[in-house]
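What follows is one structure encoded as structure tokens, with my remarks underneath.
The values are calculated or read from the model by the stated rules, or taken from the named source; none is laboratory data. Computed from a predicted model, the values in this text were never measured in an experiment. Heads up, the Cβs are rebuilt from the backbone with ideal geometry, glycines too, and the neighbour counts pull from every protein chain shown.
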Amino acid sequence: MDKRMKPEGKSGPWKAVGLVSAIGVELVLFTLLGFFFGRWMNEKIGGSGLWIGLGVLIGLVVGGFGVVALVRKVLEGSDE
């Protein structure tokens, strides 16, 4: 096998597609969880939507940390 050719293994376009999909799913999941938590808090405590906004922001922040952890894990074994 030629040294210049990389074997089809853990890299390539499918790895990138999987990473982008996982990032999107993670952000959407945590944002929705934050929204529903905020809506629940708004029903219990009140606050004219303040809790919903805070829940969405917290969900985005938690999702962002999850994305950073995911990207670090994926790039851990990469030589790029």
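Some values worked out for this structure:
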| read-out | value |
| --- | --- |
| Options 32, 54, 60: the member that is among the aliphatic types (A, V, I, L, M) and over 30 Å from residue 15 (Cβ atoms) | 54 |
| Single condition residue 15 does not satisfy, out of (1) at pLDDT 85 or above; (2) out of contact with any Ser or Thr (no Cβ under 8 Å at 6 or more places or on another chain) | (1) |
| Matching residues, region 22-52, being surrounded by 13 or more Cβ atoms within 10 Å (Cβ to Cβ) and of a type in the set (Asp, Glu) | 26 |
| Residue in region 54-66 that is under 22 Å from residue 16 (Cα atoms) and aromatic (Phe, Trp, Tyr) present | yes |
